């Protein structure tokens with residue numbers, strides 16, 4: 001494909017659903033997309049998911065863009081992507097608030113439960129599920145990933161971990177990244 005102007009690329013996407021032109025546009029705005037990726041955190045979204053959302057928003061933006069008013073595509077795309085990400089964050093936060101809807105007051109508990117002490121001594125289902133999930137997470141980690149986790153929670157220092165596992169900082173950083181990734185995956189499945 002010969003290099004086209006931005007307007008030609010937008011027309012190709014808008015009128016012909018040209019995926020090559022869409023890829024070229026997203027690649028052109030990659031620095032802006034990466035900056036937003038660092039600015040916002042979406043639970044369960046990695047860089048590939050982020051770019052998928054960017055492709056979707058860029059396609060929609062091309063379909064809606066009308067440059068006859070003197071507006072710039074870059075600003076329009078940035079605004080729409082920002083709004084889209086904020087909407088995704090709001091949706092995630094709304095689902096987190098769902099737990100509050102399922103809660104009931106302590107006074108209701110006292111009125112409806114015959115033996116309040118028995119009830120209070122039982123672990124909450126969500127907490128016991130979380131503990132079980134956490135135990136499985138620990139079992140799935142390698143020794144080096146467990147050492148990285150201990151560093152993250154402040155149990156040991158980097159130097160202690162390197163000495164105990166005969167590794168260097170780079171290996172420990174990679175293990176830390178894998179550990180964080182496993183934690184994120186486990187949290188999002190819970």
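We did not get these values from a lab; they are worked out from the coordinates using the rules stated. Just so we're clear, the structure is a prediction, and the values are computed from it rather than from any experiment. FYI the Cβ positions are ideal-geometry reconstructions off the backbone, even for glycines, and counts take in every protein chain you see.
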(request) Treat each spin label as a single point 7 Å out from the Cα along the C-beta direction, and report the residue 74 to residue 52 distance in nm. (result) 2.9 nm
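Starting from the Cα-Cα distance between residue 34 and residue 156, subtract it from 0.36 nm times their residue separation and give me the gain in nm to one decimal. Don't jump to the answer; show the numbers that get you there.
Working: separation 122, 0.36 × 122 = 43.92 nm, distance 3.31 nm.
Contour length minus the Cα-Cα distance gives 40.6 nm.
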(message) Sort 31-40, 139-148 by packing, meaning the average of other beta carbons within 10 Å per residue, with the highest value first.
(response) 139-148, 31-40
(message) I want to check the label-to-label distance for residue 133 and residue 42. Put each point 7 Å from Cα in the C-beta direction and report it in nm to one decimal.
(response) 2.0 nm
(message) Would any residue of the range 25-50 have its amide N under 18 Å from a label point 7 Å out along Cα→Cβ of residue 7? List them or say none.
(response) 25
(message) So if I take the alpha carbon set of the range 6-99, get Rg, then get Rh from the Kirkwood formula, what is the Rg over Rh ratio?
(response) 1.02
